[in-house]
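Asker: Input: one structure, supplied below.
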Amino acid sequence: MEGLSTRGGRINDFKMGIDDIRLEAGVTLLFTNVKKDLDSDGQADTKLLLSNGGSVEILGIDNLTEADWALIA
């Protein structure tokens with residue numbers, strides 16, 4: 001998922017180690033990792049907050065840590 005807008009987005013098929021998330025220039029990840037069932041499917045999901053006020057919901061993934069994110073220039 002590239003170039004997230006201010007509103008952010010929802011990812012329902014994220015694959016750890018395969019997929020990546022690229023943010024627009026100047027937007028950073030505020031590693032506030034909210035874990036709860038965002039889509040009411042009985043499985044915990046992850047919500048990441050962005051510095052521009054947006055967020056990214058990653059459905060089906062609930063075990064992310066700050067170490068999982070690499071900064072790519």
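Asker: What are the residues in region 20-59 that are surrounded by fewer than 17 Cβ atoms within 10 Å (Cβ to Cβ), of a type in the set (Gly, Ala, Ser) and touching a Ser or Thr at 6+ places or on another chain (Cβ under 9 Å), if any?
Answerer: Those that are surrounded by fewer than 17 Cβ atoms within 10 Å (Cβ to Cβ), of a type in the set (Gly, Ala, Ser) and touching a Ser or Thr at 6+ places or on another chain (Cβ under 9 Å): Gly26, Ser51, Gly53.
Asker: Those residues that are modelled with pLDDT of 80 or more and under 10 Å from Val56 (Cα atoms), I need them from region 1-36; list them, please.
Answerer: Gly9, Arg10, Ile11, Ile21, Leu29 - these are the residues of region 1-36 that are modelled with pLDDT of 80 or more and under 10 Å from Val56 (Cα atoms).
Asker: Could you give me the residue pairs with C-beta distances under 9 Å whose first residue belongs to region 15-34 and is on the phi > 0 side of the Ramachandran plot and outside any loop (DSSP other than H, G, I, E, B), whose second residue is loosely packed, with under 13 Cβ neighbours inside 10 Å and modelled with pLDDT of 80 or more wherever it lies, and which are 6+ apart or on separate chains?
Answerer: So the pair list comes out empty.
The values are calculated or read from the model by the stated rules, or taken from the named source; none is laboratory data. Keep in mind it's a predicted model, so treat the numbers as computed, not measured. Glycine gets a Cβ as well: all are built from the backbone with ideal geometry, and neighbour counts include every protein chain shown.
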